[in-house]
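Accompanying notes for the structure given below.
Taken together, the values in this text are just the output of simple stated rules run on the coordinates, not laboratory data. Predicted, not measured: the structure shown is a model, and the values here were computed from it. Neighbour counts are summed over all protein chains in view; Cβ atoms, including those assigned to glycine, are modelled from backbone coordinates with ideal geometry.
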Amino acid sequence: MKNAMLLACRIPAALAALYLAFTFTACTPRMVPPLFVDETFAKTPVTEPIYLLPVVDLRVDKSKDLKLNDNALKRLSPTFEKRGYGALRPLTDRALVESLIEDDFTHPDPEILSSLGPENSRWLFCPLLHDLKSKITFGSTANAEISGYLIDKERGTIVWRHKGVGQAGQGGVLGMAMKGVIEEEAVNSAFLSLAAAVPQNGGIANVEVKK
């Protein structure tokens, strides 16, 4: 009986892992044009490191731990590397973004943008989680919406922005038991959608980024 119970627990876990692996393989989006990219930025190679700010979490209910910073790095950094920028450099101090609101990006103040991040840095990437909705029926579904902004501190301006939307779902009893996993998967899918709009570095395939 004990072995049967262990097997019953392991099967849903294995199916969940298989589900996530399939989703990341099947749903990785192709390159798409961003909602906005500065013409000068698009033509000028970036040779300095790009720092990844902690995710600005705009949810009303933040009780669910979505591992936002870790997942942002895992889903975004590989695309930046492939497109010639080098790996993103993560910043983990949430004090860097605690005072930021959506208005700081939709109506940016050059002084605020220039003050963000490490003192000697130039490029910052800031993701914002706008919303995460989920529901349970006979299974569970989730939808997430994330915006991303690339900031040029030297000019005090946003040079790139895009919005990523992610969805995830699983039917049946397994889906109901996986609600938390489904929510995190929707967020990860939105990060991948956001990454798809990262342009090639200055139109050059291999730009040497300063270490």
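I want the local charge near PRO90. Using Cβ-Cβ distances under 14 Å, sum +1 for each Lys or Arg and -1 for each Asp or Glu among the other residues. So the environment of PRO90 carries a net charge of +2.
Panel order for ARG161, ARG94, ARG75, ARG122, by other beta carbons found within 10 Å of each beta carbon, from fewest to most: ARG94, ARG122, ARG161, ARG75.
Ordering LEU88, LEU100, LEU150 from the fewest to the most neighbouring beta carbons within 10 Å gives LEU100, LEU88, LEU150. Among THR157, THR79, the ranking by other beta carbons within 10 Å of each residue's beta carbon, starting with the fewest, stands as THR157, THR79.
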